[in-house]
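Remarks on the structure that follows.
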Amino acid sequence: MSMPWDQLVQSDDDLPALKASMIERTVTVGRIGIMILSCGTGAWRVRDAMNIVARALNLTCTADIGLTSISYTCVEGTHSYTQVLSLPGSGVNMTRLNELEALVKEIELSNREWSVAEIHERLKNISHERGNYTRLQRGLAAGIACAAFVFLLGGGPIEMLCTFFGAGIGNYVRRILLDRKIMVMISVAVAVVVACCMYLGVFEVIHHLTGINFRHESGYIGAMLFIIPGFPLITSGLDISKVDMRSGLERLGFATMVIGVGTLAGWLTAMVCGLHPEDFAPQMLTPGILMLLRVICSFFGVFGFSIMFNSTVRMAALAGLIGAVANTLRLTLVDMHLVAGAAAFIGALTAGLLASIIRKRVGYPRIAITIPSVVIMVPGLYLYRGIFNFGMMNVGTSAEWLMKAIQIMVFIPLGLTFARVLTDPKWRHTN
C-alpha cells in the first residue's frame, strides 16, 4: 500500500523543521531513505543520506536496510520513534538518485532553515517525475548495448545485427510487462524467450537471403544479456564489504534469481529451437583494429546500459568513456593471458578511480557512473554456458563455466571497493 505522506505532515510551510514534531521529522528521514533505496543503490548510501538528514533535523538515526525495505528508529533525548517502510519491488533510476542526493547535499550544506513541508514538496515533485525515455528508446538502448556486448565476446556483424533486433524487442516487451506490474520472474522469462526467438527469426531471414553459415546462430546468447541484473549483483558485493549483510545477501539472492530464471528460459528456448552455444567464428582483425573496435563497442555497450538505468545522456556518456577505458584494458590483459578474475579486478579498479576523478568535476553520484561502466564486464556468456551444460547434464563442463563466472563476479565489486577505499575517506572508515 502507498504511504499517505501528506497525512503524516501537518506543519505549516513556514514552520522551521527543527520546531516540527518528532514524528514529522522522523517520517521525513524515512521518506528520503526509501526513495533513495528505490533507485537501486546500496545500503551504505541510503544510510548515509538518512544520517545526514537526521543530523540536520536534530535526530539520531539507526537503520536496518534490505533490498526493498527499511526498518529505522530516530531518537531525540529520551524519546524515540520507529517506522518500517517497504517497496513493491526493486528498480534502478539514476536520474532520480542524482536529484535526491543533490537535495540531501543541499539540506546538509545550506545555512537557511528548511521546513518539513518544503522538504516533502521537493520529494513529491521528484517522485512524480517521469522516466527520461520511452519504452521504444529503452529497447533501442538495449539493442545497441547487447550488439556491442556480442562483439566484445567475439561475435561478428551477423551476430551483432541479429542481437540488436532480439535484445531491442525483448527489452521492449519486458518494459511493457514491468509497467503493468507483472512480477519480475515472469517479465524476465518472457523477455528472454521473445529475444531469442526474434534473434532466430532475423537470422533465418538473413540465411534465406544470403545462405550464411548456421554457426552464426550461437550469437543468440547476446540477445538475452539485457536481463543481467548489474546493479543488485555489484551493489551486493559493495554492501557485503561494508558488513551490510542483510542488504548484501538479499541483493545477491535477487540477482541470482534473475540470472537463473533468464538463463533457464534461454536454455529451454534453445532446446525447443535446436540452438547450441558454440564458439564464435574468428573475427580475423589486426590487433590495432581490434583494440579500436573494442573501445568503440565498450563505450556504446556501457552507454546503452546506462540509458536502461534511466541515466541522463551526459551521465551515460561519462560512464561510457570510463567503460571504454576500463573494459578495453581488461580485455587486453586477458589477451596477455592474465587470469580473468585478476583482469576484472584491474578493470573495475580503473573504472572506480576514473569515476572518482570525474565525480569531483561533475558532481554525479559515484554509483551512477561506476556500476554502468563495469556491468559490461559481467560474464553473462559464462553464466549461460554453465546453466546450458548443467541442463544437458555435462556437470564437469557446467562447473568449469560457472566457476569462471563466479571468479569474475567476485573480483568486479572487489575492484570497485578498493577504488572507493583509496579515494573516499568516509567510505573506508566504519564510523
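Under the condition of being open to solvent by 40 Å² or more (accessible area, probe 1.4 Å) and touching an Asp or Glu at 6+ places or on another chain (Cβ under 7 Å), the residues counted in region 62-77 number 1. When you scan region 5-14, do you find a residue that is surrounded by fewer than 21 Cβ atoms within 10 Å (Cβ to Cβ) and touching a Leu at 6+ places or on another chain (Cβ under 9 Å), even just one? Yes, because at least one residue in region 5-14 is surrounded by fewer than 21 Cβ atoms within 10 Å (Cβ to Cβ) and touching a Leu at 6+ places or on another chain (Cβ under 9 Å).
Filtering region 311-331 to residues that are open to solvent by less than 20 Å² (accessible area, probe 1.4 Å) and within 16 Å of Arg361 (Cα to Cα) leaves Met315, Ala316, Ala319, Ile322.
Results for (1) under 18 Å from the mean Cα position of the chain (by Cα); (2) closer than 26 Å to Pro232 by Cβ, shown as yes or no for each residue.
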residue: Met35; (1), (2): yes, yes
residue: Thr41; (1), (2): yes, yes
residue: Arg45; (1), (2): yes, yes
residue: Ala49; (1), (2): no, yes
residue: Arg55; (1), (2): no, no
residue: Thr60; (1), (2): no, no
residue: Gly66; (1), (2): yes, yes
residue: Ile70; (1), (2): no, yes
residue: Glu76; (1), (2): no, no
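Taking (1) over 23 Å from Ile369 (Cβ atoms); (2) touching a residue at least 12 places away in the same chain (Cβ under 8 Å); (3) surrounded by fewer than 20 Cβ atoms within 10 Å (Cβ to Cβ) in turn, Ser80 satisfies each apart from (2). Scanning region 282-310 for residues that are more than 16 Å from Tyr364 (Cβ to Cβ), open to solvent by 40 Å² or more (accessible area, probe 1.4 Å) and either assigned to a helix (DSSP H, G or I) or not polar (S, T, N, Q) (or both) yields a count of 13. In region 400-413, the residues that are closer than 12 Å to Tyr384 by Cβ and without any contact (Cβ under 8 Å) to a residue 40 or more places away in the chain form Cβ pairs under 6 Å with partners that are basic (Lys, Arg) and open to solvent by less than 70 Å² (accessible area, probe 1.4 Å), at six or more places apart or across chains, as follows: Trp401/Arg385. Against the test of being free of Cβ contacts under 8 Å to residues at least 12 places away in the same chain, open to solvent by 10 Å² or more (accessible area, probe 1.4 Å) and more than 21 Å from Ala265 (Cα to Cα), the options Leu209, Leu161, Leu136, Leu152 yield a single qualifying residue, Leu209. The set of residues in region 333-349 being free of Cβ contacts under 8 Å to residues at least 60 places away in the same chain and open to solvent by less than 40 Å² (accessible area, probe 1.4 Å) consists of Leu333, Ala343. Residue pairs whose Cβ atoms lie under 9 Å apart, sitting 6 or more positions apart in sequence or on different chains, and linking a residue in region 175-196 that is on the phi > 0 side of the Ramachandran plot to a partner that is open to solvent by 70 Å² or more (accessible area, probe 1.4 Å), are Lys181/Pro88.
Which one of Arg330, Arg314 is under 21 Å from the mean Cα position of the chain (by Cα), under 26 Å from Tyr220 (Cα atoms), in a helix (DSSP H, G or I) and not aliphatic (A, V, I, L, M)?
None of the others qualify; the one that does is Arg330.
Here is a check on your reading of the model: is Glu204 among the acidic types (Asp, Glu), without any contact (Cβ under 8 Å) to a residue 40 or more places away in the chain and open to solvent by 20 Å² or more (accessible area, probe 1.4 Å)? So Glu204 passes the test. Being open to solvent by 10 Å² or more (accessible area, probe 1.4 Å) and of a type in the set (A, V, I, L, M) is a description that does not apply to Ile119.
The values are calculated or read from the model by the stated rules, or taken from the named source; none is laboratory data. Predicted, not measured: the structure shown is a model, and the values here were computed from it. Cβ: placed from backbone, ideal geometry, glycine included. Neighbour counts: every protein chain shown. In case anyone asks, the SASA skips ligands and DNA or RNA and just uses the protein heavy atoms, side chains included. Shrake-Rupley method; radii C 1.70, N 1.55, O 1.52, S 1.80 Å.
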